[in-house]
């Protein structure tokens, strides 16, 4: 039989992790056995460089995760959530996009990756999207999944690694100084919570202080106020506070309370987006070039 599409994998995947968390590798092996994939089918590789069935199981997991039916409590692990268990109490015949649309988390995720809002006929002859718009939407969706995978990974790395990561990100974004200069305060005791310091320019005319919070819950205003105090004590007026989670509304307000001090807050989604944009912890997998006709070439010379 051909390798099933990712939607066909979704319900069996949810059932696969219903009794206990499993590694993604174990889930893939179990689903391959369930669908009796041959060695040739398992060896089939797509554009991603991954085996096609592994890639499709990965997308099935990603969509279930966006709907809140599974989660990744640790690196490479897949675990059913309370919401996922409720689904299996009265399981549907199939889990697909229409079924997932009942979950607000999934709807919010899909709306974020859309570039167009169209109402398609039941059986469209042609898509209302142009090929370029389709490619752009797919690119956004692939990056959304990549960002989610990045955050899952970052949440599992040791705190010292995360502190080093935020310094590397600032360097990748073009801020001055060297890796050695930037890392001087990382892990230093008595630094008032400062995890890194980096020159704003290569001459070191001004510095930016960094603080990294690898948290599950949102960062509150007290953390921002403590960070502000660290800036004051160090004679600085610029800082970046990064977290793998998010910030409360009071925290956002606290960051803007004193115009003398510039504090930038970077939450988990923006952190992942910046890592993708500046190629930190990611690599180019494929490059697709879209060309258009050069009308100037075909112009007759006068």
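The values are calculated or read from the model by the stated rules, or taken from the named source; none is laboratory data. It should be emphasised that the depicted structure is a prediction, and the values quoted were computed from it without experimental measurement. Cβ coordinates were reconstructed from backbone atoms using ideal geometry, including for glycine residues, and neighbour counts include every protein chain displayed.
Would you please name the residue that is farthest from residue 148 (Cα to Cα), looking only at residues in segment 99-134 that are modelled with pLDDT of 90 or more and surrounded by fewer than 12 Cβ atoms within 10 Å (Cβ to Cβ)? Going through the qualifying residues, I end up with 102. Each residue in segment 197-220 was checked for being in contact with a helix residue (DSSP H, G or I) (Cβ under 7 Å, 6 or more places away or on another chain) and in a loop (DSSP other than H, G, I, E, B), and 2 of them qualify.
Filter segment 36-46 down to the residues that are in contact with a helix residue (DSSP H, G or I) (Cβ under 8 Å, 6 or more places away or on another chain) and farther than 17 Å from residue 59 by Cα and list them by number. Talk me through it step by step, then tell me what you get.
Step one: filter segment 36-46 for residues in contact with a helix residue (DSSP H, G or I) (Cβ under 8 Å, 6 or more places away or on another chain), giving 37, 41-42, 44-46.
Result: 37, 41.
Of all residue pairs spaced 6 or more apart or on separate chains, those with beta-carbon atoms under 6 Å, a first member in segment 12-24 that is in contact (Cβ under 8 Å) with a residue 40 or more places away in the chain and assigned by TED's automatic domain parsing to the domain that holds residue 35 and a second member that is surrounded by fewer than 16 Cβ atoms within 10 Å (Cβ to Cβ) and in a loop (DSSP other than H, G, I, E, B) are 23/76; 24/76. Out of 247, 227, one residue alone is within 22 Å of the chain's Cα centre (by Cα) and either at pLDDT below 90 or surrounded by 19 or more Cβ atoms within 10 Å (Cβ to Cβ) (or both). It is 247.
Every residue, every condition in (1) outside any helix (DSSP H, G or I); (2) modelled with pLDDT of 90 or more; (3) on the phi > 0 side of the Ramachandran plot, yes or no:
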position	(1), (2), (3)
180	no, no, no
184	yes, no, no
188	yes, no, no
191	yes, no, no
222	no, yes, no
240	yes, yes, no
260	yes, yes, no
276	no, yes, no
282	yes, yes, no
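From the residues in segment 74-95 that are assigned to a loop (DSSP other than H, G, I, E, B), at pLDDT 90 or above and out of contact with any strand residue (DSSP E or B) (no Cβ under 7 Å at 6 or more places or on another chain), which one is farthest from residue 25 (Cα to Cα)?
Of all residues in segment 74-95, those assigned to a loop (DSSP other than H, G, I, E, B) come to 74-76, 81, 90-95.
Within this subset, residues satisfying the condition of being at pLDDT 90 or above are 81, 90-95.
Those still in the list that are out of contact with any strand residue (DSSP E or B) (no Cβ under 7 Å at 6 or more places or on another chain) too: 90-95.
Numbers: 90: 27, 91: 24, 92: 25, 93: 25, 94: 23, 95: 21 Å.
Looking at residues that are assigned to a loop (DSSP other than H, G, I, E, B), at pLDDT 90 or above and out of contact with any strand residue (DSSP E or B) (no Cβ under 7 Å at 6 or more places or on another chain), I get 90.
If I filter segment 36-50 for residues that are under 25 Å from the mean Cα position of the chain (by Cα) and buried (at least 17 other Cβ atoms within 10 Å of the Cβ), do I get at least one hit?
In the first step, residues of segment 36-50 are kept if they are under 25 Å from the mean Cα position of the chain (by Cα); the result is 45-50.
Now drop any that are not buried (at least 17 other Cβ atoms within 10 Å of the Cβ), which leaves none.
Looking for residues that are under 25 Å from the mean Cα position of the chain (by Cα) and buried (at least 17 other Cβ atoms within 10 Å of the Cβ), one finds none in segment 36-50, hence no.
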